[in-house]
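The values are calculated or read from the model by the stated rules, or taken from the named source; none is laboratory data. Not measured: the values here are computed from a predicted model. So basically every Cβ, Gly included, is an ideal-geometry build from the backbone, and we count neighbours across all protein chains shown. Please note that ligands, DNA and RNA were not included when accessible areas were found on the heavy atoms of the full protein model with its side chains. Shrake-Rupley method; radii C 1.70, N 1.55, O 1.52, S 1.80 Å.
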Amino acid sequence: VSPPEPVGLKLIRPVDPDRDHLRGDRDAMLTLVEYGDYECPFCSRATGAIDEVRAHFGDQLRYVWRHLPLERVHPRAFEAARASEAAALQGKFWEMGRELFGHQDDLEWSDMYRYAVTVGCDIEQFDHDVRVDPSKVLHRVQDDAQDAELMDLNSTPTFFVNGKRHKGPWDAASMIRALEATRT
């Protein structure tokens, strides 16, 4: 009998193009999933590497973002994730994410409303989705965070390359090598 595989080495919830925030071809052969936090400086830095990896693979890669707000170290991360989900309901998820990463030191609600306007959200709808009826945005963030907890993820960014946890650096060259290695 082989020992049980350690928790967190495999993605427990498969990518669902109809549910997940996805960039690239929804049926691409290669998949990179990131569990991240908008207040995490490392996640912000990783966005440049992700852009390079996406440019390298083009349509062969689908990139997926899932939420893992580490509230103990990033007290505004959960609210930022909610704001991104409210923007997502208006088709502005990626644009809002860029704004949040670009202003990590300014993540109060007044700031997030300003970013929502900047990316073109209907501010009344945004307000409704974060304040009046937040169930959709809350559920989405909690759902991702619960998956992360079940996989014992406790740092951001955490990447999965074709469903397996990526160990090691997350610069563009390392990620490209890791994705290439799964093609065999």
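Listed here are the residues, each with its yes/no results for (1) within 23 Å of Phe101 (Cβ to Cβ); (2) free of Cβ contacts under 8 Å to residues at least 12 places away in the same chain; (3) open to solvent by 40 Å² or more (accessible area, probe 1.4 Å); (4) within 13 Å of the chain's Cα centre (by Cα).
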residue	(1), (2), (3), (4)
Pro6	no, yes, yes, no
Val33	yes, no, no, yes
Glu39	yes, no, no, yes
Glu52	yes, no, yes, no
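Anything in segment 133-184 that is closer than 15 Å to Leu61 by Cβ, in contact with a strand residue (DSSP E or B) (Cβ under 9 Å, 6 or more places away or on another chain), buried (at least 17 other Cβ atoms within 10 Å of the Cβ) and of a type in the set (Gly, Ala, Ser)? List them, or say none. Once the filter is applied, which keeps residues that are closer than 15 Å to Leu61 by Cβ, in contact with a strand residue (DSSP E or B) (Cβ under 9 Å, 6 or more places away or on another chain), buried (at least 17 other Cβ atoms within 10 Å of the Cβ) and of a type in the set (Gly, Ala, Ser), segment 133-184 yields only Ala178.
When you look at Ala28, is it open to solvent by less than 20 Å² (accessible area, probe 1.4 Å), farther than 20 Å from Lys92 by Cβ and without any contact (Cβ under 8 Å) to a residue 40 or more places away in the chain, yes or no? So that I can check it myself, show each step before the final result.
Numbers: open to solvent by less than 20 Å² (accessible area, probe 1.4 Å): yes; farther than 20 Å from Lys92 by Cβ: yes; without any contact (Cβ under 8 Å) to a residue 40 or more places away in the chain: yes.
When the stated conditions are applied, Ala28 passes them.
Just to be sure I understand, how many residues within segment 126-141 are under 20 Å from the mean Cα position of the chain (by Cα) and farther than 14 Å from Trp65 by Cα? Total satisfying the criteria: 9.
Residues that are surrounded by 15 or more Cβ atoms within 10 Å (Cβ to Cβ), in contact (Cβ under 8 Å) with a residue 60 or more places away in the chain and within 27 Å of Arg62 (Cβ to Cβ) are absent from segment 123-131 altogether. As a summary of the residue check, Leu89 satisfies the conditions (1) within 16 Å of the chain's Cα centre (by Cα); (2) closer than 23 Å to Gly24 by Cα; (3) touching a residue at least 24 places away in the same chain (Cβ under 8 Å); (4) open to solvent by less than 80 Å² (accessible area, probe 1.4 Å) except for the one numbered (4).
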